[in-house]
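The values are calculated or read from the model by the stated rules, or taken from the named source; none is laboratory data. What you are looking at is a predicted structure, and each value in this text was computed from that prediction instead of being measured. Note: ideal-geometry Cβ built from the backbone for every residue, glycine included; neighbour counts use all protein chains shown. Accessible surface is based on the protein model in full, side chains and every heavy atom, while ligands, DNA and RNA are left aside. Shrake-Rupley method; radii C 1.70, N 1.55, O 1.52, S 1.80 Å.
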Amino acid sequence: MEKGGGSAAVGGSCPQKNAEILSSQYGINLFLAGLLLTFAWAVHAVGISKSHLLSYLITLMLIQLLWMLWYLSRSCTQRRLIRDKDTHAGARWLRCGITLFAVITLILDSFKIGYYIDFSNCLSPTEGIFPVTHAVHTILQVYFLWCHAKDIIQSFKTLERFGVIHSVFTNLLLWTNGVLTESKHQLNEHKERLITLGFGNITIVLDDHAPLCNCTTTTLCSIFSQGIYYLYPFNIEYHILASTMLYVLWKNIGRKVEHHQQHKTPFKFHGITVGMIFGLIVLTSTIAIVVVYLIQIGRSKIKSELALTMFYLHAIFVLALMCTAGIVALLIYRLEERSLDNSKNPARKLDAELLVGTAAGSWLLSWGSILAIICAQAHPKYTWYNLPYSVLVIIEKYIQNLFIIESIHREQEKVNDDIKTLRIVTISRGSTLSLAPSYKEIYNGRVARGRGEVPCLVKGSICGRENHAGGGAKEETSQENSSVMHSASDFSFYSGNSVTNNKRRVLKNIAAFLFLCNLSLWIPPAFGCRPEYDNGLEEIVFGFEPWIIVVNLAMPFSIFYRMHSAASLFEVNCKT
């Protein structure tokens, strides 16, 4: 176990690399054991019950709680020490987002506690202990991430690697458990709806884990059981965000950072009105489409087909707009000449990898739909809308990933230091020194025209004007020529600056529009509007069970992609 800042010797890197490998292997084995336990419960394996899975998760959460308490107590005792920080990790807007998801997760835990109380006669005690432990875990973890997400740990590095990677995979297992529970609920509803679309040849066997006893309060039980599944999408996003933030903390352990000032990038609504308006229109229309879809789907064959057609047409229109906006943004980048920031940055590297990796989930579903449309013998009318929809999903993610990854790697535009620190000193006729106003006034031409002085915009120079005897005519001619030159330089400066500002304004509006569009496209799959389930054509071509397995594996990544893209676009808007 290392203590202190770490040795600069070459041999010091070997134990650190070994500690990283050992901790990562520990985390992977921890995750695989939990994953198999989750799978065994899902398929009703003999001898495996839900209480075994919950006991495993409770144990992992308790171990993480002990580690976080130890870390927080040690941080309090070493409060006076100067700690290195990764300014790119744990942005304020990201911590605010995870706090919002955590609050909704606490509401979910309270619903689970109420559900357990109503069915306490036939439920295992672990189902009551789990939400209580999870609530405490959520509160402490959010506090930990708010205070220490930016830390670069330089002491007890081996122990901290195991503690952080344990936390990463604990959150991944809780995410997996939430995804599986929510997917089983969606699958049961999907099986019940398929019959209305005329797919009677598919055997409907509900995979239900409902309690075997009666509820003590029927109304409350109905509220709790239905409310839980509407809150699961937020719980799922909370755990995946927490795991990504903790992973960045793990990658930063023992890292040497360059100490340079990080420019703050606050979010401003100024200048993004157009993008916000169009984005809000997409958001409100999407919510309306989802509500109508969930009401109509499964009622009858005609209503289900109309609901699917309506969804596809709306999605095609939105995806086409997003593709156009992304292409315009990339064209603007091609016209600009700005260098890329290639410095080592774990948070930025993880963002890019997650964008491409999670987009593969949507691409898999889209290619499956395209292949089903090509190979199917019969094509109901509504299934043809699935073809342009699937093609646009592939293209839109491709373009959006290019835009986001290039945006987060572009260096922030800085004000020229020569202009920023410029202070003009003029020598007046009376040989007295006076400080000219700010550079903005100089460029506006107020100083030169008001005082008859010619500012010299050369670094380190003092602008003077000599008063020669008998040289009035020359002086007047010199002033006229200088005024002409000054006006030309003003025009050139403002023309270039105006073009740059217009480009930035367009890029900010595009980022704001894409941000709201990604939030809009996150809503349908997160709340049960999944045409991949309800279309029915893919089940005929690939078979019911194989296609459902593909959808259940790919859909969580597709959902996470939209939320992660929205978070990345928010950062892009702040940086632009």
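Summary table
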{"quantity": "Residue order for Leu355, Leu180 - accessible surface, 1.4 angstrom probe, largest first", "calculated": "Leu180, Leu355"}
{"quantity": "Neighbourhood net charge (13 Å Cβ-Cβ; Lys/Arg +1, Asp/Glu -1) for Phe130", "calculated": "0"}
{"quantity": "Surrounding net charge for Ile98, when Lys and Arg each add one and Asp and Glu each subtract one, Cβ distance under 13 Å", "calculated": "+1"}
{"quantity": "Distance in nm between pseudo-label sites at Gln377 and Ile281 (7 Å out along the Cβ direction from Cα)", "calculated": "4.6 nm"}
{"quantity": "Where labels lie 7 Å past Cα in the beta-carbon direction, separation of Phe317 and Trp367 in nm", "calculated": "3.1 nm"}
{"quantity": "Order of exposure, largest accessible area first, which applies to Glu406, Glu539, Glu353 with probe 1.4 Å", "calculated": "Glu353, Glu406, Glu539"}
{"quantity": "When each of Lys150/Lys184; Lys157/Lys349; Lys184/Lys349; Lys303/Lys397; Lys85/Lys575 is checked by Cα-Cα distance, pairs over 26 Å", "calculated": "Lys150/Lys184; Lys184/Lys349; Lys303/Lys397"}
{"quantity": "Calculated from backbone phi, Karplus (6.51, -1.76, 1.60) coupling profile of segment 344-349 in Hz, x at Gly/Pro", "calculated": "5, 8, x, 5, 5, 4"}
{"quantity": "Solvent-accessible ranking of Leu246, Leu519, Leu72, Leu306, largest area first, probe 1.4 Å", "calculated": "Leu306, Leu519, Leu72, Leu246"}
{"quantity": "Ordering of 98-106, 323-331, 120-128 by packing [mean C-beta count within 10 Å, highest first]", "calculated": "98-106, 323-331, 120-128"}
{"quantity": "Sequence-distant residues sharing a close amide H with Arg410 (under 5 Å, placed H)", "calculated": "Asp341"}
{"quantity": "Calculated from backbone phi, Karplus (6.51, -1.76, 1.60) coupling profile of segment 18-32 in Hz, x at Gly/Pro", "calculated": "5, 5, 5, 5, 4, 5, 5, 5, 4, x, 5, 5, 4, 5, 5"}
{"quantity": "Long-range amide H partners of Cys215 with built H, under 5 Å", "calculated": "none"}
